[in-house]
1. Provide a single number: the residues in region 211-224 that are under 13 Å from residue 183 (Cα atoms) and under 18 Å from the mean Cα position of the chain (by Cα).
2. Which members of region 129-152 meet the condition of being surrounded by fewer than 16 Cβ atoms within 10 Å (Cβ to Cβ) and closer than 16 Å to residue 200 by Cβ?
3. Among the helices (runs of 4 or more DSSP H) lying completely within region 1-113, list those that include at least 2 residues that are surrounded by 19 or more Cβ atoms within 10 Å (Cβ to Cβ) and at pLDDT 90 or above.
4. Answer with yes or no whether residue 208 is under 17 Å from the mean Cα position of the chain (by Cα), touching a residue at least 24 places away in the same chain (Cβ under 8 Å), surrounded by 14 or more Cβ atoms within 10 Å (Cβ to Cβ) and within 30 Å of residue 33 (Cβ to Cβ).
């Protein structure tokens with residue numbers, strides 16, 4: 001992941017049925033598939049000048065176990081991208097499969113709610129640079145299991161608990177914004193940064209243009225994950241790579 005002190009736009013691939021897909025607000029019935037394979041998209045991302053890739057295994061999120069480790073392995077072997085992976089991680093075996101496939105970081109979301117003891121053991125073993133907290137928000141509460149359930153945990157309490165355990169990185173999606181390209185939740189991310197100024201907060205969801213990317217950078221975030229806007233051609237991979245170069249020279 002990028003330095004907490006320098007912002008980076010990070011391309012994202014969501015995988016469902018081994019295909020690149022985007023959901024609308026996390027609804028599996030409102031999905032849009034794209035023609036290229038995950039590996040083909042990853043190669044374009046690398047060729048455009050990016051080094052980081054965020055991958056979400058929606059098959060794994062539904063099955064509650066990792067399903068696409070073979071896809072991850074192929075992407076890492078053929079592109080060398082630094083992959084952060086999330087989706088379906090419910091056991092140490094799943095974790096080991098993904099790290100063995102070549103992912104450098106994993107995002108814990110549901111397991112951080114349902115089995116914090118196990119998730120904490122992963123954090124202790126692999127360290128805070130390898131484990132990212134996923135805090136996906138639905139009306140102030142943390143959503144789990146592929147966003148089909150809402151936990152009783154308010155986001156500020158949930159993040160606070162994991163902050164005390166030593167988490168350094170956080171990826172957060174406002175589910176109401178995801179896939180809608182109606183703009184990100186600036187106020188939510190500002191609140192997170194104000195509450196936890198030493199965390200590297202990465203936004204996800206709602207991006208539709210470069211102005212929104214730049215506004216998020218100005219909020220003090222460490223990065224933004226972008227998926228649908230890339231697939232729909234509203235921002236280009238080359239343009240985002242150039243933006244990253246400019247930000248990291250500043």
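1. Within region 211-224, the first condition is being under 13 Å from residue 183 (Cα atoms), and the residues that meet it are 211-216, 224.
Then keep just the ones that are under 18 Å from the mean Cα position of the chain (by Cα); that gives 212-213, 216, 224.
Summing the residues that are under 13 Å from residue 183 (Cα atoms) and under 18 Å from the mean Cα position of the chain (by Cα) in region 211-224 gives 4.
2. Result: 129, single match.
3. So the answer is 38-47, 69-79, 92-101.
4. Yes: the conditions hold for residue 208.
Residue by residue, here is whether (1) buried (at least 21 other Cβ atoms within 10 Å of the Cβ); (2) under 22 Å from residue 143 (Cβ atoms) holds:
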| site | (1), (2) |
| --- | --- |
| 176 | no, yes |
| 191 | no, yes |
| 198 | no, no |
| 201 | yes, yes |
| 204 | yes, yes |
| 218 | no, no |
| 233 | no, no |
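The values are calculated or read from the model by the stated rules, or taken from the named source; none is laboratory data. Just so we're clear, the structure is a prediction, and the values are computed from it rather than from any experiment. Neighbour counts run over all protein chains shown; Cβ positions are idealised from the backbone, glycine included.
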